[in-house]
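Here, each number is a calculation from the coordinates, and none is a lab measurement. This is a predicted model, so every value here is computed, not measured. In this analysis, Cβ positions are derived from the backbone assuming ideal geometry, glycine residues included, and neighbour counts consider all displayed protein chains.
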Amino acid sequence: MSKIVAVIKRLFVQNWKMKLIALIFAFILWSFVIAEDNPYKTKTFRDFPVTYTAADELRQKDLTTSEPLAQLLSSVTVTAQARADALQYLNENMIQVTVDLSSIDGIGEYTLRVEGKSSLNDTTVNVEPSTVTVNVEEIVPRSVPVDVQLTGEQEGFYYGEPVLEDETIEIRGARSKVESVAKAICKIDVGEMTGPTTASYTVEYVDSKGETIPANNFTGSSSVIVELPVYPQKEVPIDLEAVRSTTSGLAEGYEITGVTVEPQAVNIAGKLEDIESIGTVTLEPIVLDNAMGDTIVEANVRLPEGVIASVPSKVQVQLTIMQPELSQTYSAMRIAARNLEDDNLDVSITPSAVDVTVYGTQAALGDFSASLLKPFVDLTGLGKGVHQNVPVKFQNEPDLGVRPVSSSTTVTVTIS
C-alpha cells in the first residue's frame, strides 16, 4: 500500500512545474475548442420600453417630473451578449430596462442611469442611451374654471345654457404645468341630441394662448358632469295688438297709434306637445313715464305656459304716441283770387265757396279760429279763358297748426 502511495506522490511531485504548464496549456486549448463550438454572440432589441421604478415613492414626497415619465425616455436600444446556444432562447420577456427614481429627494435636475438586466444566466445587457436627465418639481393642486363649448348644433332645436355640476375642476401636477393652465374646455357634440341630457364629458386643458396641455401632466379626474337643456323650437310672431293694450304710462290725452317690433318674430322652445299649438306670443307689460311722443323701449318676451325659452328673449319696441286727432268743420268759406296779372280782368270761381274741415289735436283746435282759414286760388300765369282743376290753397299753410281739408280740392276759374 505504501508503494502505491509513493508512486502517486511521485506522479504529482516530480517535474511539477512542467506538469502545471501542461495543465494550463490544456485548459487554454479546451477553452479555445469550446469557444469555437459555442462562441459569444449579440442580439439587439430596438424601441425597448423603459420602466420607471419608485414613482409612487416620489409622489409620496410631493415631487414629480416636469414632463410625464413616458415622455422623458420611453424606449431604448438594448444589446444583449451571451453564448450562442443560450442566446437563441433570449426574448424581450427575459429582459428588463429600468430607471430608479428612489434617489431623488428634492426639486432640481437629476441624471439617472438606465439599467438593463436579463433573467438569462451569463448574459450581458447594454442600453443606449445609458442615462436620462429629469427635472423634478413639487406637486401643487389648483382649481381651474371649466368652459363648455357646443358643436354640431341642429336647426330646429334650442340649446340652453349648460349647467355644470362643478364650475371648476381640481388638478394636481408639476408646478410649472399646473400654473400654465388657463382653463379646462369641455367640448360637447350635440348633433344627435333631441332632448335634455345629463352626462359626463372629458375635458382638455389649455394655456392662455389656447394651446393644449396634455392631460397626462396631471392627476385627478379629467371629466365633468354637464346638464344640457335641448328642446325643439318653432318661430312665432309677436302679437302687436296685445303689446298696444298692455302698455301703460301715457300722458293724459295721448294714445298709441302705431307699434312695431324688431325682430317681428321669435323662436320659442319647449316640449313639442307644449309648443305646437302656440300661434303668437306677447311681451311683458310696458310701463312708460308720462310719455307724450314716439318712444323706443326694450321689452321681455312673455313665455306661454310650457315654453322653456325664447330666442331672442328681448325685442326692441317702437311706439308711436300722439294725441287723438279731432276735427271741426267751417262752412261756406269764400275762395279768394290772388296774383291776377291784369287788374282790368274779371274773375269767376266755381264754386266760389267751400266747406273746410280742420283736423288737429284738442289743444291745436282750441287755439285755432275760423279767421285763420283763408282759402284762395293762385292765378299766376293764367290768362283769359276757362281754367279747370285749379287747386284750392290756404294762407299760411302748413304753419296753421292744424290740417285743413277742403270739400272741393280744385275749382274752375273763368278769366274774362
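Of the beta bridges in the chain, as assigned by DSSP with both residues counted there, near 85 percent are antiparallel. Basic side chains Lys and Arg get +1 at the Cβ, acidic Asp and Glu get -1 at the Cβ, and with that the dipole of the stretch 253-330 about its Cα centre reaches some 80 debye.
Viscosity 1.567 mPa s, temperature 4 °C: Stokes-Einstein D of the chain from its Kirkwood Cα radius, in µm² per second?
Working: Rh = 33.8 Å.
This corresponds to a translational diffusion coefficient of 38 µm²/s.
Using the alpha-carbon centroid of each, what span in Å lies between the stretch 78-128 and the stretch 169-239? What the calculation gives is 43 Å, centre to centre. With respect to the chain, whose longest principal axis is taken over its alpha-carbon atoms, helix 16-37 is tilted by about 30°.
About its Cα centre, the dipole of the chain is roughly 3340 debye, where the only charges are +1 on Lys and Arg Cβ and -1 on Asp and Glu Cβ.
Loop-only GluC sites (Glu not before Pro) in the stretch 154-206, please: DSSP not H, G, I, E or B, and at most 16 other Cβ atoms within 10 Å. Before the final figure, lay out the partial values.
Working: sites: 155, 165, 167, 170, 179, 192, 204; in loops: 155, 165, 167, 192.
Passing both the DSSP loop test and the Cβ count: 155, 165, 167, 192.
Note on residue 209/residue 149: beta-carbon distance plugged into 1/(1 + (r/R0)^6) with R0 of 25 Å gives a FRET efficiency of 0.90.
If I stretch the segment between residue 107 and residue 216 completely, what's the gain in nm (0.36 nm per residue apart, minus their alpha carbon distance), one decimal? Each step should come with its number before you reach the end.
On the way: separation 109, 0.36 × 109 = 39.24 nm, distance 2.00 nm.
Answer, rounded to one decimal: 37.2 nm.
Neighbours of residue 94, meaning other residues whose beta-carbon lies under 11 angstrom from its beta-carbon, give a summed charge of +1 when Lys and Arg score +1 and Asp and Glu score -1. Nearest 5 percent is fine: what portion of the DSSP beta bridges confined to the stretch 230-327 is antiparallel? About 90 percent, rounded to the nearest 5.
Order by neighbour count: 218, 45, fewest other Cβ atoms within 10 Å first, most last. Spell out each step's value before the answer.
Working: 218 26, 45 20.
Lowest to highest Cβ neighbour count: 45, 218.
With the charge dipole of the stretch 244-303 set up from +1 on Lys and Arg Cβ and -1 on Asp and Glu Cβ about the Cα centre, the Cα lying farthest toward the positive end among the listed residues 272, 288, 254 is that of 272. Could you list the residues of the stretch 70-88 with an amide nitrogen less than 17 Å from a label point located 7 Å from the Cα of residue 176 in the Cα-to-C-beta direction? Within reach of a label on residue 176, which here means backbone N under 17 Å from a point 7 Å along Cα→Cβ, the stretch 70-88 contributes 70-73. Just going by the charge dipole of the chain, with Lys and Arg at +1 and Asp and Glu at -1 on Cβ, which of 148, 104, 91 is farthest out on the positive end? Going by the Cα projections, it comes out as 91.
Pairs from the list 177/209; 61/177; 117/177; 187/209; 43/117 with a Cα-Cα gap above 23 Å: 117/177.
Any idea what the dipole of the stretch 40-129 comes to, in debye rounded to 20, about its Cα centre with Lys/Arg Cβ at +1 and Asp/Glu Cβ at -1?
Details: 8 positive and 13 negative charges, 81 e Å.
Using Cβ point charges on Lys, Arg, Asp and Glu, the stretch 40-129 gives about 380 debye.
Given the options 281, 356, 127, state which has the largest fluctuation in a GNM of the chain using a 10 Å cut-off (strictly under) for Cα springs. Looking only at 281, 356, 127, the biggest GNM fluctuation is shown by 356.
With R₀ fixed at 25 Å, the C-beta to C-beta distance from residue 378 to residue 326 puts the FRET efficiency at about 0.25. What is the angle, in °, between the Cα long axis of helix 2-13 and the longest principal axis of the Cα atoms in the chain? Nearest 10 is fine, range 0 to 90. So the helix axis and the longest Cα principal axis differ by about 50 degrees.
Counting pairs of alpha carbon atoms under 8 Å apart in space and at least six apart in sequence, what relative contact order in percent does the stretch 186-243 give? Could you put the intermediate results ahead of the total?
Values: 60 pairs, mean separation 22.8, N = 58.
RCO, the stretch 186-243: 39 percent.
Taking +1 at the Cβ of each Lys and Arg and -1 at the Cβ of each Asp and Glu, which of 315, 195, 379 sits farthest along the dipole of the chain towards its positive end, judged by Cα position relative to the Cα centre? Highest projection toward the positive end goes to 195.
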